[in-house]
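*Asks:* The structure follows.
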Amino acid sequence: MTAEGIHRPAYVEVSNSAMAHNIAVLRSLVSDSKICAVVKANGYGHGAIVAARAALAGGADSLAVAIVDEGIELRESGFTTEILVLAEIDGAALPVALQYGLTLTVGSLAGARETVSAAATVGGRHKVHLKVDTGMGRMGVQPQEVVAAMQVLHESEHLEVEGIFTHFPVADGASEDDRAFTKAQIELFDGIIEELTKQNLCPPVRHLSNSAGSLAYPEARQSLVRAGLALYGYAPSEWLVGKLAAKGESLRPVMTIRAQVSAVRRVPAGSRPSYGRRRAVERESVIATVPFGYADGFPRRFFEAGAEVLIRGQRYPLAGMVTMDQLLIDCGQDDIQRGEEVILMGAQGAETITTEEWARRLGTITWEVMCGIGARLPRVATQ
């Protein structure tokens, strides 16, 4: 396991109140649907344990992860709530997952048979959800095989078929094509539910919606919604930001990345700090060193992309190439002192550096930015 840098002044702050606010916004939209908090990928970079605690305290009903090891981490940290593993897992990991009381996803006819076999070996009774591929093309039982897969699962006395779900690839899209595709997925899923109901095979829990589906498609808010990005304070697209604003709602970022100035030096005009000596300072300048680097999730590309940090509520640019463990900040003529707070992501004074700003500079998406925050940074929960 990666060591957390608890003796270094750099950490990720996770706001419990922001998480609770975001869940309340979702709750106002999804009404009676249960909210499953997705805490995979180390809680979208927020820390799985810290994020899971915040989500459940904020009103989420259950948790979801991507892989068995993530579920085991939560169980061994004392979480007793339902934990859904969102992907089908292979035969070797099935008994372990069942022993830890994880709710499994079955995504194929072969997977249904493997799950039945593993459950018989382990004994007891275990919850499973069936995933249907309605157009994502990544994983899931094909629509024409749903009834057969359900029959296989229902034949086992060791399995409780609790749920059925699918996933949206373009629910965040604003184009007519994206909307038509998503609505076709909903219609296909509803048709499958109708057929399963006729055959007395339909499970009680039905879920389609990720964050985008929860925000944009009321007809997709069924028994449960899976909240990922929205939980952490970001709508998946500008179109969805607008839909929230029209209802007088907005989401609050949960993550703030804080550090402190660890060293200060004054350099003459023409100096070229950091590896590669890539850029000369135009005048005598104060250079602040910050203990945060590309190993912590601040990519080297940020130097050319014009990234900034906040000190004293002001924006300051990088003075040189990002290094593995440290940044050099050009503070101009300002008398910055060792120990002063630095905000790499979040608000300070009237200024804010958002996850979206990082994503724009990097040419990527907010999901990737947050998931890329280094594991060695402590995750600290605050109100």
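FYI, it's all coordinate maths here, none of it is from the lab. Small disclaimer: the values here were computed from a predicted structure and weren't measured. Cβ coordinates were reconstructed from backbone atoms using ideal geometry, including for glycine residues, and neighbour counts include every protein chain displayed.
*Asks:* Could you list, in sequence order, the residues of segment 50-81 that are assigned to a loop (DSSP other than H, G, I, E, B), surrounded by fewer than 18 Cβ atoms within 10 Å (Cβ to Cβ) and of a type outside the set (Ser, Thr, Tyr)? Please lay out each step first, then the result.
*Replies:* Step one: filter segment 50-81 for residues assigned to a loop (DSSP other than H, G, I, E, B), giving 58-61, 66-67, 77-81.
Filter again for surrounded by fewer than 18 Cβ atoms within 10 Å (Cβ to Cβ), leaving 59, 61, 66-67, 77-78, 80-81.
The answer is Gly59, Asp61, Ala66, Ile67, Gly78.
*Asks:* In addition: Having 2 or more residues that are over 20 Å from His21 (Cα atoms) and under 32 Å from the mean Cα position of the chain (by Cα) is the bar; report the strands (runs of 3 or more DSSP E) wholly within segment 183-285 that clear it.
*Replies:* 205-207, 255-260
*Asks:* I'm checking my understanding of the structure. Among residues of segment 300-311 that are in a loop (DSSP other than H, G, I, E, B) and among the small types (Gly, Ala, Ser), which one is farthest from the chain's Cα centre (by Cα)?
*Replies:* Across segment 300-311, the extreme among qualifying residues is Gly306.
*Asks:* Answer yes or no: is there a residue in segment 330-343 that is outside any loop (DSSP other than H, G, I, E, B), touching a residue at least 40 places away in the same chain (Cβ under 8 Å) and surrounded by fewer than 15 Cβ atoms within 10 Å (Cβ to Cβ).
*Replies:* Yes, segment 330-343 contains at least one residue that is outside any loop (DSSP other than H, G, I, E, B), touching a residue at least 40 places away in the same chain (Cβ under 8 Å) and surrounded by fewer than 15 Cβ atoms within 10 Å (Cβ to Cβ).
*Asks:* Quick check: anything in segment 347-356 touching a residue at least 24 places away in the same chain (Cβ under 8 Å), in contact with a Pro (Cβ under 8 Å, 6 or more places away or on another chain) and over 28 Å from Ala51 (Cβ atoms)?
*Replies:* no
*Asks:* Scanning segment 286-299 for residues that are in a loop (DSSP other than H, G, I, E, B) and not hydrophobic (A, V, I, L, M, F, W, C), which turns out farthest from the chain's Cα centre (by Cα)?
*Replies:* Pro291
*Asks:* Would you be able to tell me the number of residues in segment 1-43 that are out of contact with any His (no Cβ under 9 Å at 6 or more places or on another chain), in a loop (DSSP other than H, G, I, E, B) and either within 12 Å of Ala227 (Cα to Cα) or of a type in the set (Phe, Trp, Tyr) (or both)?
*Replies:* Counting residues in segment 1-43 that are out of contact with any His (no Cβ under 9 Å at 6 or more places or on another chain), in a loop (DSSP other than H, G, I, E, B) and either within 12 Å of Ala227 (Cα to Cα) or of a type in the set (Phe, Trp, Tyr) (or both) gives 0.
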